[in-house]
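The values are calculated or read from the model by the stated rules, or taken from the named source; none is laboratory data. As the structure is a prediction and not an experimental result, all values here were calculated from the model. Because the Cβ atoms are built from the backbone with ideal geometry, glycine has one as well, and the counts that use them run over all protein chains shown. The protein model used for the area step is the full one, side chains on, heavy atoms only, and it has no ligands, DNA or RNA in it. Shrake-Rupley method; radii C 1.70, N 1.55, O 1.52, S 1.80 Å.
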Amino acid sequence: MKYNDILAQAMDNLDEKYAIETAKCFTDTDKSSARDISVDADNLIETNIQSKKSNHIAKFAAIAAAFVCVAAVSGFFIINGNKVQVQGTLSNNAESSQITSDLPSEETTVKPEDASFPEKEDQNIHKDTDRIVTLAGYAINDMTKLDENTLLANSNHSIFLYDLRTDKIIKQFDNSAILDQKIDNGFVLKSIDYDNCYYEIYDLWGNLVNHVDIPVTPLDEEELQYATYKVKPDIEPFSICVSADGKSVVYQSVNGFCTNTVNLDNEKVIIPADKFNGGFEEFNVMLDIMHYEDDVIYGLAVRYFSETGEHERYFASMNVTTGEWNIYHKMEEHQQILNGGEYIDNSFIIIGDRSGGKLPYFCIGDNQMTRFVCEEGYESENAFISPNGKFILTSTEHSMFNAEIKLYDAKTGRVLLTKNTYAGAFTAYIDEDARKLYVSCGDLFVMDF
């Protein structure tokens, strides 16, 4: 289960009174009007310029409470590396792949440049051109390439750097209370242990570049009776996202929604906590920040509706300087955002569509989602996208020990590779330049395409 789904489920079960009393971070804006982008059920994106109500604020009450509710269970999922299990039903509907663009006014279908798909070969799991890497005790749950020969990967028990030339783990970190993030020239490890909160930035070779301790406040005697930790972080460690260039951070804290330098020495409060007025009004808020680049954050956003007490989820972005929101896709109940695994490059894909095999995807720099449609409807349950959105990999479990992966050219819809595997893919990395495919199905399969 992905972290944003854990939070979403927690929000569904929040008690409103508890949410109000436990909220620590709230939001508002000092501007009387702003650009607000809403989504209509019939049209994927609809833009409206409208005035905001007085005190029309984006509150983090539900978020703060969700963090409290899921702190313990999140650790369980992180430690155990739980993934979404995928099961499909085999269909004979071939040559139905198409690409559509999600437009504001209507949905159009574009025929692929090459609509004749190659015949599927009977490819054995141990085909000679495959390299199969068996890591004793390590099933890779997520991975990305840091350079030509180095994988950054995580398993149930550790985060590690893997040398593809020697097939050896060259550096290893404990995964018991650590979240990881990829940035342009390295990666970040974030401790979510309240008694030992920090984040560390590493270069491409696993050398420590910067260690930053997160400020904490000791709990009073009454709080200590009910807590398993002795201090409370002033910055919520789950919410920290380091910018792609490694120079800035964005987070939720006791002061509100903030940006700061990577050394935490110049905090700027975007939306202060003291703006909260105790009521629940309609709001947009970024629940799970997945990527931070050029003053824009991307991730899972939530809008709360006070009249119904319900909330809706979106894939969206927010400019932390201007406060401008862009909402690209309204998330259905079973959908979740993937991005080539947990590691962000420049693309996002939304899986879980249960009708028609649609895979909406987005590349940084685009203005809207593009919708890819698979050959088979069930393929949209589990899929991965290459860093710049050129290739899409689907993975389907038909039955026990009978699974299939399929690699598409995202622009033409052409199937570049199919392969039978004994299990569905936990994760995959698609190297666009080297045209190599890395797929973890227990073992790590390395294939050319």
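What to note about this one:
- Accessible surface of the range 178-244, 1.4 Å probe, proportion on carbon and sulfur as whole %: 48 percent
- For the range 415-420, putting each phi into the Karplus relation 6.51 cos²θ - 1.76 cosθ + 1.60 with θ = phi - 60° gives couplings of 7, 8, 7, 10, 7, 7 Hz, in residue order, rounded to whole numbers and with x for Gly and Pro.
- The range 301-392: relative contact order as a whole-number percent, Cα under 8 Å and 6+ apart: 20 percent
- Per residue, the accessible area of the range 168-226 comes to 57 Å², computed with a 1.4 Å probe over protein heavy atoms only.
- The range 388-439: relative contact order in percent, alpha carbon pairs under 8 Å with at least 6 residues between: 30 percent
- Rounded to whole Å, sorted largest first: equivalent-ellipsoid semi-axes of the range 281-360, Cα gyration tensor: 21, 20, 9
- Ordered from longest to shortest, the equivalent ellipsoid semi-axes for the range 194-337 are 27, 23, 15 Å, each the square root of 5 times a Cα gyration tensor eigenvalue.
- Rule-of-thumb Rg ratio for the range 339-388 [Cα; 2.2 N^0.38 Å; N residues]: 1.10
- Using the empirical formula 2.2 N^0.38 Å as the baseline, the Cα radius of gyration of the range 157-208 reaches a ratio of 1.18.
- Only the Cβ atoms of Lys and Arg (+1) and of Asp and Glu (-1) were treated as charged; on that basis the dipole of the range 180-328 about its Cα centre amounts to roughly 240 debye.
- The range 334-449: C-alpha gyration tensor shape, a/c 1.5 cut-off, then a/b vs b/c: oblate
- A DSSP coil position with no more than 15 other Cβ atoms inside 10 Å describes the following GluC sites (Glu not before Pro) in the range 343-449: Glu432.
- Rg and Dmax of the range 178-231, Cα atoms only, in Å: 14.6, 45
- Globularity ratio of the range 137-186, using Cα Rg and 2.2 N^0.38 Å: 1.07
- Cα-Cα separations in the range 215-267 greater than 15 Å, expressed as whole percent: 52 percent
- Gyration tensor verdict on the range 404-449 (Cα atoms; rounded if a/c is under 1.5, prolate if a/b is larger than b/c, oblate otherwise): oblate
- In the context of the full protein assembly, Asp174 retains an accessible surface of approximately 100 Å², using a probe radius of 1.4 Å and ignoring ligands and nucleic acids.
- Of Lys145/Lys232; Lys268/Lys358; Lys168/Lys190, those spanning more than 31 Å from alpha-carbon to alpha-carbon: Lys145/Lys232; Lys268/Lys358
- Qualifying chymotrypsin sites (Phe, Trp or Tyr not before Pro) in the range 190-273, where qualification requires a DSSP coil assignment and no more than 13 other C-beta atoms within 10 Å, comprise Trp205, Tyr226.
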